[in-house]
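Worksheet: one structure, shown below.
Every number here is computed from the coordinates shown, using simple stated rules; none is lab data. Computed from a prediction, not measured in an experiment: that's the story for all the values here. Glycine also receives a Cβ, built like all others from the backbone with ideal geometry; neighbour counts cover every protein chain displayed.
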Amino acid sequence: MLELAQLKSMAERATDLTSDAREASERDRDYYDGFQWTAEEEAILKKRKQPIITVNRIKRKIDAMIGIEQRGRVDPVAYPRNPQDEEAADLATKALRFVEETQRVDVKRSNAFENLIVEGYGGVEVIAEEYNGQLDVCVKRLRWEEIFFDPHSREKDFSDAAYLGVLKWMSLDAAMEYASQFYQGDDLEAILDTGADGTAGETYEDRPQREGMAWADKRLRRVRVAQMYYKRGGQWHLAIFTGKGELYNDVSPYIEDGKPACPIILMSGYVDRENRRYGVVRDMISMQDEINKRRSKLLNALNNRQTMGMKGAVNVAEVKRQLAMPDGHVEVDPAAFDPETGMKPFEIIPTTDMTMGQFNLLQEAKQEIDMLGPNASLLGQLSGQQSGRAIMAQQQAGLAELAPIYDSLRDWTERVYRAIWHRIKQFWQEPRWIRVTDDEAAAQFVGVNQMVMGPYGPQMMNPIAEIDVDILVDQAPDYASLRAEQFDKLADLAAKGVQIPPDVLIDVADIRDKRKIMEKMQPPPEAQAMQAQMAQAQAQIAQRGAVAEIDKTEAEAERARAAAAKDMASIGKMQFDARMEVVRPMNTAAGF
């Protein structure tokens, strides 16, 4: 295990090497929140008396992407690895959905996804915490500014990271209560000493504390606690420490596939060649700046006029004031007119070409930013009736740009649910009941690890630790496409009397919980058994009818053959009689 100096060095190294990327992520968040002008730019505009305009199109784009994520939520499903494990897979699915509901995983996923597309990365920690005397699965959302990681990691899913961690500021009382759960030493107060120790980047600053305090704030009695998972000797370890000492340092208590695991699950949007992680906002900033500045410039140009004139012909300040008014009037000294040169004593310089140029560039900037992220077809903002094929064709540009982001989200979601399943198998050791709310009209409870009396004595029913399944999540958003057109055509055919099975219509319909609807359409087991018996009886009747029909056909064929043979015999006798009629007179004449 690593020593305190090594642990602090790793955390501080992560701070130093990612400071530029974190500052850029802070700027991205500011742009999303509408803070898109620097103090220096605002001062210049105020000096020019130019309006400060902020048209926040970034927020609309990001909120639209989050809306698509929320619309594409799908519950996890456990699939059996063997045909005889179907009941166990159903139990695992119910356990996963129970944790999903109690821990509000969907909400935390949306928060992590927002960090992904704004700051560039986010995630959760899947751990176990004691509740009512039992260890329950807990999914903790991690704020992006508290996360630190191996700065040499290059993969989007951080699979190549040597360490991942969280730096969190706590009040001294909260830190004492937190540490007392697992630290029993006498020097706890010394480890949580709030004296100054080291410095850190601004992104790790505690909001209420002074700048430059890294591990503690003596004035506010706050201390920074680091929780870091690191690889050592081929396995994951957990270290909890402050600037003054270690609180915990041992092999990770979380097990996956028989090995210690890291419960921090992170995802990132993009990674550049300098290992800096960033989100969707980064590509929108320059276009957003152009929109704001051109809009401000255009509005200022429309509110002001450029003039020129002979010196002394007009009062310049009064002219500017009058031209800024919709009913302004300018008086010119007639003595300033020079009849020889024909020069006007005062005139307004036309700037229509410059104004139109600014307007055209503004429109182009808006079109450029609109092309990034969700387009109008994805958001359902198209007008008029269009076929599914036409809608799908318009979606391609937006889908192509969003595919990497949503692929990262889908992969992250599956990793989170797999981690949840591993915590369930590891920590659900005692008997318990889980609530299943698939049927809103009648919630049911399923028992796991329940002891029942079997034929050979007591035995455990639904042992959760012995279930082996595959966890999959289908996270592809259900966009409008050819499915809508197919459903319309099938529905139209059904309305015209064409026999189309209801389950086929539901399968192509753009509705949620299709599986539940199709399951409810199925008859109860008793009715299914009766239908099976009736179908079997009908099959036997049909078989006997077919056999009888064959026998009847064969009998008729036999009678037909007999009749044909009789007819042939009759024809032969007639032919013989006819020949005898010819031969008999000849025989008589010959004396026979």
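If I take R0 = 25 Å and measure r between the Cβ atoms of Glu129 and Glu3 in this structure, what FRET efficiency does the formula 1/(1 + (r/R0)^6) give, to the nearest 0.05? Write down the numbers at each step before the final one.
Values: r = 29 Å, r/R0 = 1.14.
Once rounded, the FRET efficiency stands at 0.30.
Kindly identify the range 1-148 as rounded, prolate or oblate by the Cα gyration tensor criterion: order the square roots of the eigenvalues as a ≥ b ≥ c, call it rounded if a/c is under 1.5, otherwise compare a/b with b/c, prolate if a/b is larger, else oblate. Let's see the in-between values first.
Details: a/c = 3.33, a/b = 1.68, b/c = 1.99.
It comes out oblate by the Cα gyration axes.
Near the amide H of Leu247, under 5 Å away, which other amide H atoms are found, from residues 5 or more places off or on another chain, if H is placed in the peptide plane?
Amide H neighbours of Leu247: Ile240, Phe241, Thr242.
Mind running the shape call on the range 9-59? Use the C-alpha gyration tensor, a ≥ b ≥ c as the square roots of the eigenvalues: rounded below 1.5 for a/c, prolate if a/b tops b/c, oblate otherwise.
Details: a/c = 6.53, a/b = 2.27, b/c = 2.87.
Since a/c reaches 1.5 but b/c is at least a/b, the shape of the range 9-59 is classed as oblate.
Could you run the Karplus curve 6.51 cos²θ - 1.76 cosθ + 1.60 with θ = phi - 60° over the range 107-115 and give me ³J(HN,Hα) per residue in whole Hz, x for Gly and Pro?
Listing the rounded values in order: 5, 5, 5, 5, 5, 5, 5, 4, 4 Hz.
Could you give the length gained by full extension between Asp272 and Glu401, i.e. 0.36 nm per residue of separation minus their alpha carbon distance, to one decimal place?
Details: separation 129, 0.36 × 129 = 46.44 nm, distance 1.68 nm.
Contour length minus Cα-Cα distance gives 44.8 nm.
Which FRET efficiency value, to the nearest 0.05, do you get for Gln444 and Arg71 by plugging their Cβ-Cβ distance into 1/(1 + (r/R0)^6) with R0 = 22 Å?
Values: r = 28 Å, r/R0 = 1.28.
Using R0 = 22 Å, I get an efficiency of 0.20.
Would you mind calculating the gained length between Phe35 and Met534 on full extension (0.36 nm times residue separation, minus the Cα-Cα distance), in nm to one decimal? Don't jump to the answer; show the numbers that get you there.
On the way: separation 499, 0.36 × 499 = 179.64 nm, distance 7.19 nm.
That works out to 172.4 nm of additional length.
In terms of the Cα gyration tensor, with a ≥ b ≥ c the square roots of its eigenvalues, is the range 154-195 rounded because a/c is under 1.5, prolate because a/b exceeds b/c, or oblate?
On the way: a/c = 3.12, a/b = 2.53, b/c = 1.23.
It is prolate, given that a/c is not under 1.5 and a/b is the larger ratio.
Given the pairs Lys59/Lys168; Lys61/Lys168; Lys140/Lys425; Lys49/Lys366; Lys61/Lys297, which span a C-alpha to C-alpha distance of over 22 angstrom in this model? Working shown, then result.
On the way: Lys59/Lys168 28 Å; Lys61/Lys168 31 Å; Lys140/Lys425 19 Å; Lys49/Lys366 25 Å; Lys61/Lys297 24 Å.
Checking Cα-Cα distances, Lys59/Lys168; Lys61/Lys168; Lys49/Lys366; Lys61/Lys297 exceed 22 Å.
If R₀ is 41 angstrom, what is the calculated FRET efficiency for the pair Leu220 and Lys259, using the beta carbon separation as r and rounding to 0.05?
Details: r = 41 Å, r/R0 = 1.00.
Step by step, r from the Cβ atoms, then E = 0.50.
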